[in-house]
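Asker: Mind having a look at this structure? Questions to follow.
The values are calculated or read from the model by the stated rules, or taken from the named source; none is laboratory data. Note that the structure is predicted; figures quoted are calculated from it, not measured. Every residue, glycine as well, gets a Cβ built from its backbone with ideal geometry; the counts of neighbours run over all protein chains shown. Only protein heavy atoms, including side chains, enter the accessible area calculation; ligands, DNA and RNA are left aside. Shrake-Rupley method; radii C 1.70, N 1.55, O 1.52, S 1.80 Å.
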Amino acid sequence: KDNAADGDRAKAFFANMLFHGLFEKTIESNSPLFAASCSTIGQMDALQRENGPIEEVLALYGLTMENSFRYFFEAEDRYFHCINRLARWTFLLDMLEDYDDDRRLGRPNSFMREDSATIAELFDKHYFELIPFLKKELNDLKDALIAIKNDTTEWVVLNKLVRHSMATVIPKIIN
């Protein structure tokens, strides 16, 4: 719904296609999780519209995703912590990648700065602020991945995907 409201119909279509069953199951059960998710998403949206602290926005998104997975799966806390960190990383990359379009279309983005009309200007003017923040998020994600390390194909693929995003997406955005 968020993507559709922002005019990104392709992203909304694929999100609906992938997660429709989970959304419907959650809504039908009228679970406390659904109410909590609506609450955290509402808080997150409000923070983004007010250009609130990005750490708080990411924390709310990570918590929403972690709680959603807790509702549908049983696992040790370290797995849910990894889901939280992975969700934060994914949302962070999405905001960076969408920066120029969000700025042009007036959509909320927690990275938005008045003095930076493009992502290039943002990194140029706020490099010494952004790089330590990104490094911290990366290190936290790497630690969460190591905490669940095993020799399964799923872990290896997830680790490669995350490392690929670290090595390619951030440099592409910066360039």
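Asker: Arrange the residues Thr153, Thr40, Thr168 by how much accessible surface each exposes, largest first, with a 1.4 angstrom probe.
Answerer: Per-residue accessible area, sorted high to low, gives Thr153, Thr168, Thr40.
Asker: Turning to a different aspect of this structure: Can you give me the solvent accessible area of Leu141 with a 1.4 Å probe, rounded to the nearest 10 Å²?
Answerer: Leu141 exposes around 0 Å² with every protein chain in place.
Asker: How far apart, in nm, are two points set 7 Å out from the Cα along the Cα-to-Cβ line at Ala59 and at Asp45?
Answerer: Those two pseudo-labels are separated by 2.2 nm.
Asker: Return one whole number: the accessible area per residue of the range 83-175 in Å², for a 1.4 Å probe.
Answerer: Per-residue value: 56 Å².
Asker: Check each of the chymotrypsin sites (Phe, Trp or Tyr not before Pro) in the range 57-100 and keep only those in coil by DSSP with at most 13 other C-beta atoms within 10 angstrom; list them in order.
Answerer: Those satisfying the criteria are Phe73.
Asker: If you don't mind, there's one more thing I want to ask. Sort His126, His164 by heavy-atom solvent-accessible area, probe 1.4 angstrom, most to least.
Answerer: Working: His126 35, His164 110 Å².
Descending accessible area places them as His164, His126.
Asker: If Asp143, Asp94 are ordered by their accessible area, calculated over protein heavy atoms with a 1.4 Å probe, which sequence runs from highest to lowest?
Answerer: Most to least solvent-accessible, the answer reads Asp143, Asp94.
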